[in-house]
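The values are calculated or read from the model by the stated rules, or taken from the named source; none is laboratory data. What you are looking at is a predicted structure, and each value in this text was computed from that prediction instead of being measured. Here the Cβ is made from the backbone with ideal geometry for all residues, glycine too, and neighbour counts use every protein chain on show.
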Amino acid sequence: MSRELREYEVAVVGGGPAGLTTALYATRLGHDTVLIDRGGGRAAMMLDTHNVIGITEDVSGNDLLGRAREQVEGYGADVRQEFVERVERVGGPEDDAPFRLETGDEEYAADRVVLATGFTDARPDPPLPRTGRGLHYCLHCDAYMFVDEPVFSMGHGDSAAYVAMIMLNFTDEVDLLLDGDDPSWSDETDELLRAHPVDIVEEAVTGTFQDEDDPDWLGGLEFADGTTRGYRGGFPMYGSDYNNGLAADLGAETNDDGTVAVDDHGRTSVDGLYAVGDLTPGHNQVPVAMGQGAKAGIAVHKGLRTFPKPLDELDDGVDAADVPAISPDLRAAARTHGDD
Ligand SMILES: Cc1cc2nc3c(=O)[nH]c(=O)nc-3n(C[C@H](O)[C@H](O)[C@H](O)COP(=O)(O)OP(=O)(O)OC[C@H]3O[C@@H](n4cnc5c(N)ncnc54)[C@H](O)[C@@H]3O)c2cc1C
């Protein structure tokens, strides 16, 4: 039996800060929008939220996302918890709903698709400290927490070496942990690294221990040679696995690092397909993802909005019965928004 096709003007795939902001703009600018999100993602990993003005750090990523989902639904968007397995283009940009999206249970049609699927941080092998309390994936978010604290950067490539040197801006106790691997950074990085006061530890990490005074937090690491070193926390630098499969299936251009290539409004090389947030080049930060979501939402709106009609489509002018262009459902949601 064929499934019912659910039709929207805008389909957003991924419900982190980037996708939620795109859906917020698209909906409030009058477009029937579905946001399809499997759950999880990088924002959901935030134990506390930093660098988002107006949001204090006692707010977790899940609190922020839950509130944002309610907010977007309150304006009339459909929010679905599903995993998008396939997106294909069945028509040209002038056709109605040229995109088809498939999840395990449902099929969707949309005029525009916005991919906000982010990436997954590659993790070193265990033993590992707890994420957010000793293991940290966001330098620009968490470096401030380590002022005057002993920290590590873990990895064997250029990025691990650079993060170690960058942490010297915040503390004078920085180790670079090779965790038993051979260094693969460049000769230039090696020269630079050896000129900075960073201790390079070659031994594999064999265990972790908690801080006695603050047991939620890491106290330090144990090494294969039987030594221990005290750390408040550190950054594993093993790369990013971009969730770019849907973009690639549609033929969108990707960059060498796996990000999806976009212009300043989130447009990809495929007409009608946008990408925002961590999936695209740029700083991986909640406010940046939100900004990209806002820009893409506005760009999508400019391409879809009905009025003003172009001169070559005017014929006898605009019939008063055709306005407003907003759909009856969104119109009803807007009229009653904030009533309770
Ligand atoms: C531990 C940690 C702490 C951080 N702390 C901060 C901080 O304090 N402040 C800050 O500014 N930044 C922080 N960051 C960075 C921030 O989380 C990211 O930059 C931000 O979440 C990017 O938003 P996004 O919407 O692009 O991606 P994500 O938040 O990763 O969301 C992507 C979403 O897409 C979904 N998805 C993927 N594929 C599919 C599919 N095929 N179908 C349906 N859904 C799909 C995922 O499940 C996920 O829900 C932190 C990151 C980490 C890992």
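Condition check ((1) within 16 Å of the ligand (Cβ to nearest atom); (2) outside the structural domain of THR268 (by TED's automatic domain parsing); (3) free of Cβ contacts under 8 Å to residues at least 12 places away in the same chain) across all residues:
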site	(1), (2), (3)
ALA289	yes, no, no
HIS301	no, no, no
LEU311	no, no, yes
ASP316	no, no, yes
ASP319	no, no, yes
ILE326	no, no, no
LEU330	no, no, no
ASP339	no, yes, yes
When (1) under 15 Å from the mean Cα position of the chain (by Cα); (2) assigned to a loop (DSSP other than H, G, I, E, B) are applied to GLY19, the one that fails is (2)
Picking from THR49, THR27, THR33, the residue that is in contact with a Ser or Thr (Cβ under 8 Å, 6 or more places away or on another chain), surrounded by 16 or more Cβ atoms within 10 Å (Cβ to Cβ), at pLDDT 95 or above and under 16 Å from GLY132 (Cβ atoms) would be THR49
Of the residues in the range 177-203, those that are part of a strand (DSSP E or B) and over 19 Å from ASP158 (Cβ atoms) number 0
When the range 314-332 is checked residue by residue, the ones that are loosely packed, with under 12 Cβ neighbours inside 10 Å and under 30 Å from ALA247 (Cβ atoms) are ASP329
In the range 103-149, anything more than 14 Å from the ligand (Cβ to nearest atom), among the hydrophobic types (A, V, I, L, M, F, W, C) and more than 23 Å from VAL13 (Cα to Cα) is listed as VAL147
By residue number, the members of the range 191-214 that are exposed (fewer than 14 other Cβ atoms within 10 Å of the Cβ) and acidic (Asp, Glu) are GLU191, ASP199, GLU212, ASP213, ASP214
Checklist entry - Hey, any hits in the range 51-71 for a residue that's near the ligand (Cβ under 9 Å from one of its atoms), in the same structural domain as ASP96 (by TED's automatic domain parsing) and touching an Asp or Glu at 6+ places or on another chain (Cβ under 8 Å)? => result yes
How many residues of the range 283-313 are charged (D, E, K, R) and crowded, with 18+ Cβ neighbours inside 10 Å? The answer is 1
It is to be established whether one or more residues within the range 303-311 are modelled with pLDDT under 95, farther than 23 Å from LEU115 by Cα and part of a helix (DSSP H, G or I).
yes
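Scan the strands (runs of 3 or more DSSP E) fully inside the range 204-279 and keep the ones with 1 or more residues being within 30 Å of ASP37 (Cα to Cα). Step through it out loud before you land on a result.
Values: elements: 205-210, 218-223, 228-230, 233-236, 240-242, 273-275.
Answer list for the range 204-279: 233-236, 240-242, 273-275.
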By residue number, the members of the range 272-287 that are within 16 Å of the ligand (Cβ to nearest atom) and in contact with a Lys or Arg (Cβ under 7 Å, 6 or more places away or on another chain) are TYR274, ASP278
Taking the range 167-190 and the residues there that are crowded, with 18+ Cβ neighbours inside 10 Å and more than 25 Å from THR228 (Cα to Cα), the one that is nearest to the chain's Cα centre (by Cα) would be TRP185
